[in-house]
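Below: the structure, in structure tokens.
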Amino acid sequence: MTAPRLLLALMAVPLLAQQPAPAPTILAPGPTAPAPPAQAPPTPAPATTAQAPPTPAPSTSAPAATEAVSPVPSGESWFSGYIDVGYTWRSDVGGSFDAYRSIVNLGSGPKLIGADFTILDPKHRLFDEVRVRASGWGDDPYELFHLDAKKSKLYEFSADYRDIAYFDFLPSYADPLLARGVTLSEQSFDTRRHFGSYRLDLLPGNWIIPYLAYDRDSGSGAGVTTFVTDANTFPVPNTLHDTTNLYRGGVRIERRRFHVTLEEGGTTFSDAQSVYQSPSATPAAANLGNVTTPIFGQTTELSSLLANYGVHGTSVYSKALLTASVASWLDFYGQFLYSEPSTTVNYQQAATGTLLSESQLLFYTSQQYLVSSAAKLPHTTGSFGAEMRPFRRMRITESWLTDRLHDSGSATSTNTLAGLSPSEQMAALLASSLVTNYNQAEVDVFYDATSKFVLHGGYRYVWGDASDAVLPAAGLVSSDEAKLRRNVGLGGVTFRPSQKLSLKAEAEVGSSGGAYFRTSLYDYEKVRAQARYQALKTLNFAADFMALINNNPVPGVNYAFRTQQESLSMFWSPGKSPGKFFDFEGTYTRSTVYSDIGYLDPGDLQAETSLYRDDAHIATALFNIKLPGKAARGGARITAGGSLFISSGSRPTTYYQPLVKLLVPVGKKISWFAEWRYYDYGEVFDLYEGFRAHLMTTGLRFTPGPRATP
Amino acid sequence: MRNTDAALLWLCLTLAALPALGQTAGAQPTGQAPLPPGYAGLETCAACHEDIANAFAKSPHNIVETDKKRGFAGRACEACHGPGEEHAESADAAKIRNPAKLAAAAADKLCLTCHLNTPTHVGRLASSHAKDQVACTTCHKMHSNGGADLVVRAPAAINQQCAGCHQSVWAQFQRPNHHKLPEGAMSCVDCHNPHGSIRPAMTQAFGANEPGCLNCHGDKRGPFTFEHGPVRFEGCATCHEPHGSANPRMLTRQDVRFVCLECHANLPTANTTGTIGVVPPSFHDLRVPQFQNCTVCHQKIHGSYVDRDLLK
């Protein structure tokens, strides 16, 4: 019996040794209770952030202190976030209303100014979390809606919808009739585009993740364009309607050592643009392009026109992506991408009037022009690369890329001219080809001299060829071809002597033996430098410098191009917790562009110079003041700032956008806000296109969930 | 008796094993294996870093804690910070790895331990961020705001983050003609892939390998029967300033004709310069207003389905 007693005694030892488990300070959710998702960060209403200047990003180490006191929502609620609704009044626009609409285009009316909220389902039935963002609803030019929904380990779904107004009517842009007193941009449009993007990922977090996606891009509206036939040009109205549908699906296979993504997709496309001119009942309704001064003894006019583009397109594409961690010192990356869009077109045009045939110097009274055409664009891209770490402090990356695009097209046309004696019918068959083969190989070496000092050097070789041809030939040349040969040296240094200071510089120097275009990169130097300094815990500075010098000394080109940009920004947020009393962020940027290249005037072949200069001063600033208030409601807040742009040179322009915003909590869950904005645009050469406008917005912010952190 | 002793012995052994099992379970409430030597465990970390631990529990990264397959259950903090027992005992900040103080490549390596083998990073070698020592943690805040700042999603927040380094680029958006980023209608990542892309300037792609501009400008996609070479060869930025410009339509020059004439320079012979498009097709008198904006007639400047001269 001794042995069992001994064993019983031994049995008690571990019981005595067992310490009570420490009381957990946090509730680590088990597998059946997934972690509650992140709260939506309260973001300011888009209107306020519109011109928010960049905050100098603190050095990578700096956030540690602030992160520790990050505002973690104290409790879970099924709803958190905000909804802003209000009304905007726009003053009468002083100056050019068309220019205002082309650049700003904001109007009056009730609006859903912004919303950003998260809905949680504590029971995790259909979803764990739904996040919604929306802004600009109420006939604003940019209406956005975004939704993310997810259920842990089952699905992730996102939907994005944008309704964007595109308006452009700047008479100075394209007004060939200005000399006759006609103010009309013959390249104007008033359209809306609708973008929808929907994606569903299944089994997120699993090693195999199938996904499906659908994107739709459509546009419709009206505009003014030019009808050109022979020597005749007439401004005419047109209607625009195009739609692209993109369907895709694939699977991601994500393992510890490698990953493969395989995706197949396809598109359908249609473009039903039409151009028209109704027969004019009165002379006043006649086409503005009618030439009333006789040419060869006769005036020209467009009586009626109807032209339709019946464009249909399809495409398929394949995508294969690979990453692999082959060894602890070696990673591989690879991509293979192939697409083959194609289009078919049936163009029909019927015009009547008195029109001049340039080739015969004869007049005709009607034209019927029919075109059937097709084009196909097989496009293959492949890349392959590796990152090697042969030594602890050294990394070597090597990559290769090829991109091959071969477009071919053909068009058959029949052009029937009536009113000549006899009537004339001309048929034509054209074939076109556009080819580009682009290749790039690069090797880079990174050396961590210390943890604070990193050196980078590299070499890139770029080569390729391109050709563009239409047969049969017309004019002086029917086909062009060029070669691309470029050697590029790369270098950089990163120095972070302390947590408060970081310095970076990088340079790229290229030398070419051939380029596709006269203005392409040829012999160039590109430099960028950045510095960041945290002077105090509450005060950050950042400076940024960028320059590009490009020269092509080849006789017949002699291109000189220089651009330079310098920025200095500051962020100051005094107080123990950032933004407790006030904060200020501001940036000043100076930007210059100089370009000088010669050409021969196509009228008299005299040598001319295209000289472009732009010297711009740009500043943005935002000053936030938090007024004292009851703790439960938070204090009121005033935001003032905006941006200014002043340039001189080839197109001297000024553009000011000041704003002031006031946010006052009026209840536990409601705040009132008011905003004033001013837009002032001016041009020196086209004074009549300047404008000024005030916008006043007022509304309420609802924060039904836990109070949003200001 | 011997049988009785033997039975009692087995009973005692079995009972003796139970507390040992209980001890293991008690030390690891989440049912995980014992901590490897040198590790302190998340609960120990949370005792001092309560705010961060609470925030972490709401972060997508909490899956490291909850998913046993990942190998860090019970010690998620140490998945990135390394073994923390010594730090926990001494409370010495120098005795634990702080990724924020590492060189960018070393910090990235920690992230890429889990994240490399995902489609996100397939373009990493072409990423200027990776080349320029911009660490993942520059944009992805691990702990702040309950994990909501791990990946910022709202366009205005994305733009503000990018503009923190790219101030001069952000300044271009303050020019009158610009893509509508300051208005919050777009974000930088609509056009650029910050993790790298095989397209120039880390731009996004449409479909497989077509320019990302076509995501919104689908009407310019083609393929056209008669292409305009620069659109395919060097992209939209040949003629447009994509961020913003004082010139209408975000053109690179103040008047359309200069954009055109700088390439179509009307040189008498084709290939003396080795470049494309230098020879004029016909006579144009630039003194006449009609010819001062080339796109008045050559309206299909991005490519035409029906006309070789891009007139219709």
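Taken per residue, the accessible surface of segment B:66-186 reaches 37 Å², heavy atoms only and a 1.4 Å probe. Probing with 1.4 Å while keeping every protein chain in the model, the per residue accessible area of segment A:508-636 equals 47 Å². What fraction of the Cα pairs in segment B:23-141, stated in percent, has a spacing above 22 angstrom? Value for segment B:23-141: 40 percent of Cα pairs lie more than 22 Å apart.
Stretched out straight at 0.36 nm per residue, the stretch from A:Thr299 to A:Arg404 would grow longer than its current Cα-Cα span by 32.8 nm. Of A:Thr88, A:Thr414, the residue with the largest accessible area leads and the full order is A:Thr414, A:Thr88 (1.4 Å probe).
Gap in Å between the Cα centre of segment A:374-446 and the Cα centre of segment B:107-163? Each part's Cα centre sits 32 Å from the other's. Averaging the Cα positions of each part gives two centres, and for segment A:459-513 and segment A:312-370 these lie 26 Å apart. Rolling a 1.4 Å probe over the protein heavy atoms leaves B:Cys111 with an accessible area of roughly 30 Å². With each label modelled as a point 7 angstrom along the Cα→C-beta vector, the B:His140-A:Leu154 pair spans 2.6 nm.
Note on chain A: with neighbouring protein chains present and a 1.4 Å probe, carbon and sulfur make up 63 percent of its accessible heavy-atom surface. Probing with 1.4 Å while keeping every protein chain in the model, the per residue accessible area of segment B:197-260 equals 31 Å². Annotation: aspartates and glutamates with alpha-carbon distance below 16 angstrom to A:Lys153 (same-chain offsets under eight excluded): A:Asp121, A:Asp128, A:Glu129, A:Asp201, A:Glu254, B:Glu65, B:Asp67.
In this simple spin-label approximation, A:Leu536 and A:His312 carry label points 7 Å from Cα along the Cα→Cβ vector, and these lie 7.0 nm apart. Only aspartates and glutamates eight or more places from B:Lys101 in sequence, or on another chain, were considered; those with a Cα closer than 20 Å are A:Glu67, A:Asp448, B:Glu78, B:Glu85, B:Glu86, B:Asp92, B:Asp132, B:Asp149.
Counting only alpha carbon atoms, the long axis of helix A:2-17 and the longest principal axis of chain A meet at about 50°. When the accessible areas of A alone and B alone are added and the area of the pair subtracted, with a 1.4 Å probe, the result is around 15200 Å², both sides summed.
Could you sort A:Lys580, B:Lys131 by accessible area so the largest value comes first, with the probe set to 1.4 Å?
Correct descending sequence by accessible area is A:Lys580, B:Lys131.
The overall shape of segment A:298-372 is prolate: from the C-alpha gyration tensor, with semi-axes ordered a ≥ b ≥ c, the ratio a/c is 1.5 or greater and a/b exceeds b/c. Residue by residue along B:41-53, Cβ atoms of other protein chains within 10 Å of the local Cβ number 4 on average. Residues A:Asp139, A:Asp523, A:Asp121, ordered by accessible area of protein heavy atoms at a 1.4 angstrom probe radius and largest first, appear as A:Asp139, A:Asp523, A:Asp121.
In plain terms, the chain from A:His694 to A:Gln606 could stretch by 26.9 nm, reckoned as 0.36 nm per residue minus the Cα-Cα distance. Annotation: extensible slack from A:Thr183 through A:Arg485 equals 104.0 nm (criterion: 0.36 nm per residue apart, minus Cα-Cα distance). The reciprocal of the average 1/r between distinct C-alpha atoms defines the Kirkwood hydrodynamic radius, which for the protein assembly as shown equals 31.8 Å.
Globularity index of segment A:519-560 is 1.95 (Cα radius of gyration / 2.2 N^0.38 Å, N = number of residues). When the chymotrypsin sites (Phe, Trp or Tyr not before Pro) in segment A:289-370 are filtered for DSSP coil states and for at most 10 other beta-carbon atoms within 10 Å of their beta-carbon, the remaining sites are A:Phe296.
Are any of the pairs A:Lys452/B:Lys58; A:Lys626/A:Lys669; B:Lys109/B:Lys141 more than 25 Å apart by Cα-Cα distance, and if so, which?
A:Lys452/B:Lys58
Using a 1.4 Å probe and ignoring any ligands, DNA or RNA, find the accessible area of A:Ser197 and quote it in Å² to the nearest 10. In the full protein context, A:Ser197 sits at about 40 Å². Here the dipole of chain A is about 4260 debye; that uses its Cα centre as origin and unit charges on the Cβ of Lys and Arg (positive) and Asp and Glu (negative).
Extending 7 Å from Cα along the Cβ direction at A:Phe453 and again at A:Leu471 yields two label points whose distance is 6.2 nm. With the convex hull drawn around the C-alpha atoms of segment A:81-187, the volume per residue stands at 115 Å³.
Given the Cα atoms of segment A:126-171, and with Rh set as the inverse mean 1/r over their pairs in the Kirkwood sense, what is Rg to Rh to two decimals?
Result: Rg/Rh = 1.25.
For A:Asp84, the solvent-accessible surface with a 1.4 Å probe is about 0 Å², rounded to the nearest 10. Look at the stretch A:516-524: the mean tally of other chain Cβ atoms within 10 Å of its residues' Cβ atoms is 6. Within segment B:77-200, the ratio Rg/Rh, alpha carbon atoms throughout and Rh by Kirkwood, equals 1.04.
The values are calculated or read from the model by the stated rules, or taken from the named source; none is laboratory data. None of the values given here were measured: they were computed from a predicted structure. All Cβ positions, glycine included, derive from the backbone under ideal geometry; neighbour counts span all protein chains shown. To get the accessible areas, we keep the full protein, side chains included, count just its heavy atoms, and leave off ligands, DNA and RNA. Shrake-Rupley method; radii C 1.70, N 1.55, O 1.52, S 1.80 Å.
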